[in-house]
Amino acid sequence: MPDDTTTTAGPSIRRVGLVAKSHLQAAANLLAEIASWLVERGVQPVFDTDTARLARAEQHGEVHGKDDLPRHVDMVLVLGGDGTLLGMADRIAQTKTEIPILGVNFGSLGFLTEITLPELYPSLESALSGSAQIDERLMLEAHTTRRGEPYVDRVALNDVVITKGALSRIIDLSVSVGTQFVARFKADGLIVASATGSTAYNMAAGGPIVHPVVDALVITPIAPHTLTNRPIVIPASAEVSVQPLIDESNEEIYITFDGQFGFELTRDDIVTVNRAARPLKLIRASTRTYFEVLRQKLKWAER
């Protein structure tokens, strides 16, 4: 099975967005170094507002708000952990751009931000030259309707999660795939994950690891009341519909998207999840395979 789905088409990157984890003081000096490195190669560094403040670069580079940044750059470099990358992936999707993202790990795990600090400049060099390997990762598009009307639309890279509130009992969720009824889950919640998100909350809840080039979605109940409720892998072309069956007025059910955004669901809300129109272009390390990342980051298959 191949590890990459495509490669960069050519050296067309002239503007690089720089985004660091909020208040990541350890990255302040490095950001200035990266900006100088880019300028020396004729590439314009573009900071998001908070990162510019962190690097004290308000007067030395172009600055845009984080939500608008993807519209002004040809790629984004993220310094932080997976949460920082997920937040930026969401913004790239919301702006309907198809720019690649390079994640450099400053977090504790960094499964998506797999590039290490020693690999930073070689990876940037590959991206600028057009030789970097890029994974096209399927993203999820979720639509919530309320009383039959569109309510909230969101895009997520890892997962869409429906969970009970802190004081709620087991919740009841009716799930269908396309026109076919799947099951009525009584559980603490439900995860609809992409292959990329299979190593996130899905795995912690007992779901399977799915290689990111597999065109699939995973439906995983969280702590199901019935032991026969097991995770299921379905085609990525399918549409998953979830309706919370709320009987009590004090019952709280929430939906979250990549752990970055969420809201409370109400009676008769319906959530549909399917493949997003555009994948995320994730620049990956050329020095290791996906299975090496599993072993290094997750201690997978180790005794």
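Computed values, structure above
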read-out	value
Under Karplus coefficients 6.51, -1.76 and 1.60, residue-wise ³J(HN,Hα) of the stretch 42-51 in Hz, glycine/proline x	x, 10, 7, x, 10, 9, 7, 4, 5, 5
C-alpha long axis of helix 28-40 to longest principal axis of the chain, angle in °	60 degrees
Relative contact order, percent, the stretch 140-275 [alpha-carbon distance under 8 Å, six or more residues apart]	31 percent
Other-chain or far-sequence residues with amide H under 5 Å of Glu114's (modelled H)	Gly103
Segment Thr179-Ser12, length gained on full extension (0.36 nm per residue, minus Cα span)	55.7 nm
Sequence-distant residues sharing a close amide H with Met75 (under 5 Å, placed H)	Arg15, Gly17
Calculated from backbone phi, Karplus (6.51, -1.76, 1.60) coupling profile of the stretch 17-22 in Hz, x at Gly/Pro	x, 10, 10, 10, 4, 4
Table column - 3J(HN,Hα) (Hz), the stretch 120-131, Karplus curve with 6.51, -1.76, 1.60, x for Gly and Pro	4, 5, x, 5, 4, 4, 5, 5, 5, 7, x, 9
Under 18 Å from the Cα of Lys21 - lysines, other chains or at least 8 residues apart	Lys66
10 Å binning of all Cα-Cα separations within the stretch 140-275, expressed as whole percents from 0 upward	13, 48, 34, 4, 0
Extended-chain gain in nm, criterion 0.36 nm per residue less alpha-carbon gap, Val214 and Thr287	24.1 nm
Dipole magnitude (debye, nearest 20) for the chain, charges at Cβ of Lys, Arg, Asp, Glu	340 debye
Residues whose placed amide H lies under 5 Å from that of Leu245, excluding near-sequence neighbours	Asp172, Leu173, Ser174
Lys, Arg +1 and Asp, Glu -1 on Cβ, resulting dipole of the stretch 140-275 about Cα centre, debye, nearest 20	300 debye
Full-stretch length increase - Glu239, Glu33 - with 0.36 nm per residue and alpha-carbon distance subtracted	69.6 nm
The stretch 118-212 pair-distance distribution - Cα-Cα, 5 Å bins, rounded %	3, 11, 13, 17, 20, 13, 8, 5, 5, 6, 1
From the coordinates shown, Rg and Dmax of the Cα atoms in Å corresponds to which of [x] 20.2, 63; [y] 21.2, 79; [z] 20.6, 84	[x]
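Laboratory data are not the source of any read-out in this text; all were calculated from the coordinates shown. A quick note: this is a predicted structure, and the numbers were derived from the prediction, not measured. Neighbour counts are summed over all protein chains in view; Cβ atoms, including those assigned to glycine, are modelled from backbone coordinates with ideal geometry.
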